[in-house]
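Heads up: the structure comes next, in structure tokens.
The values are calculated or read from the model by the stated rules, or taken from the named source; none is laboratory data. Everything numeric here is computed off the predicted structure, so don't read it as measured data. Here the Cβ positions follow ideal geometry from the backbone for every residue, glycine too, while neighbour counts run over all protein chains shown. These accessible areas exclude ligands, DNA and RNA; they are computed on the full protein's heavy atoms, side chains included. Shrake-Rupley method; radii C 1.70, N 1.55, O 1.52, S 1.80 Å.
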Amino acid sequence: MNRILEIKGVAKSYGAQQVLRPITFEVAEGERICILGPSGCGKSTLLHMVAGLIRIEAGEIAMNGITVEKGGHYVPPERRPINMVFQDYALWPHMTVRQNIEYGMKRRNVARADMQRRLETLQALLRLDGLLDRAPAQLSGGQQQRVGIARALATEPKLLLMDEPLSNLDVKLRTDMRGELAALLETLSTAALYVTHDRMEAFTIADRILILRDGGIDQLGRPQDLFERPASPWVAQLMGYHNRLTCRFSDGGGTIVAGDGAVGGRRMTAGSAGPAVAMTRPESLALRMDPDAEKTNSLAVTVAQSIYEGDRWRIVAETSDGQKLHLFHDGRVESGRRASVFFPPDSTMLYDVPNSDAHG
């Protein structure tokens, strides 16, 4: 498959601060890659370097098989086969919706017939009927974002760059828009590099997710692979494994000892017996009210708190060595109640401490 974007050993520093360590990855034709990570990890810097808005200091960027930046060679943004959708919409306030969408096409001298065809297609795909003659100020946030996306797609870029384009929308509209955007990109078979800090947004839109941390790639893979086999405790936490249990391996295999019990799980790092970390999702754990029941893959706990969350109760429990676990139950449990927590082996991720993330 044709590679639309090739990033080869690209790095960036500002003085003594290294914002991006040398990273390498590719985007195939029609592929959607989401760059996921917390604020300050280098997501937007990477996107702006691909756009040509920030110069790289090492490595190479190629688009459609042509080098656009390497050493002293530099192709400016307007000559790269890309377009960008910004977080703040960035619409021309003095232009109508129609004029905003047509702006890039006019600059590229697109024929009037082709311009009209693209306008009609995007109007239908992005549900802009009746809005073309309005000013941006007359539109809602969701409508403005649709116009921003239409304007970016109008020039038919080989690669669409999107910098947290839904972050300014309210929760419901954001949820609706991410589904619409995923369907739109699939319909158009447009390659996209999409920055977000929202895991569900990445899951909805991405073919592959690139986990960026401290300027480096922690893991790159399909959403299902990252969810089922997170490469580190840090990636696991990003994937929703919010329980972190400090323990030790009882042998060289997949069993750990914590508190006064033993739990089996999936060994995610290869090392010798010794200190370990177990990562689990609150949704995976099960509370057993009889502390003396079957103890296979279970730890004895004391219930510390019950929090009502509408359709379920969040239970905060403490192991015998004082570590806290969060899980869900169908009812309130009295504080101080002794119980046990069952750990499903397939969804309990075990990591050697030397290979784990200290910030966990």
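Can you confirm whether region 82-94 contains a residue that is aliphatic (A, V, I, L, M), free of Cβ contacts under 8 Å to residues at least 40 places away in the same chain and either closer than 16 Å to Pro165 by Cα or in a helix (DSSP H, G or I) (or both)? Walk me through how you get there before you give the answer.
Going residue by residue through region 82-94, those that are aliphatic (A, V, I, L, M) are 82, 84-85, 90-91.
After this cut, where a residue has to be free of Cβ contacts under 8 Å to residues at least 40 places away in the same chain as well, the list is none.
The answer is no, given that none of the residues of region 82-94 is aliphatic (A, V, I, L, M), free of Cβ contacts under 8 Å to residues at least 40 places away in the same chain and either closer than 16 Å to Pro165 by Cα or in a helix (DSSP H, G or I) (or both).
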Phe86 - would you say it is under 27 Å from Leu119 (Cα atoms), among the aromatic types (Phe, Trp, Tyr) and under 19 Å from the mean Cα position of the chain (by Cα)?
yes
Identify the residue in region 320-340 that is outside any loop (DSSP other than H, G, I, E, B) and at pLDDT below 95 and, among all such residues, is most open to solvent (accessible area, probe 1.4 Å).
Arg338
Tally, over region 23-45, of residues that are assigned to a helix (DSSP H, G or I) and on the phi > 0 side of the Ramachandran plot:
0
Would region 304-314 turn up any residue that is assigned to a loop (DSSP other than H, G, I, E, B) and touching a residue at least 60 places away in the same chain (Cβ under 8 Å)?
no
In region 114-168, residues that are over 26 Å from Ala191 (Cβ atoms), in a helix (DSSP H, G or I) and either open to solvent by 40 Å² or more (accessible area, probe 1.4 Å) or out of contact with any Leu (no Cβ under 8 Å at 6 or more places or on another chain) (or both) total 2
If we scan region 26-40, do we find a residue that is modelled with pLDDT of 95 or more, under 15 Å from Thr155 (Cβ atoms) and either among the hydrophobic types (A, V, I, L, M, F, W, C) or out of contact with any Phe, Trp or Tyr (no Cβ under 9 Å at 6 or more places or on another chain) (or both)?
no
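Being under 30 Å from Gly141 (Cβ atoms) and touching a residue at least 24 places away in the same chain (Cβ under 8 Å) narrows it down to one of Ala11, Ala62, Ala58, Ala51, so name that one. Give the steps one after another, and end with the answer.
On the way: Ala11 fails: under 30 Å from Gly141 (Cβ atoms); Ala62 fails: under 30 Å from Gly141 (Cβ atoms); Ala58 fails: under 30 Å from Gly141 (Cβ atoms).
The match here is Ala51.
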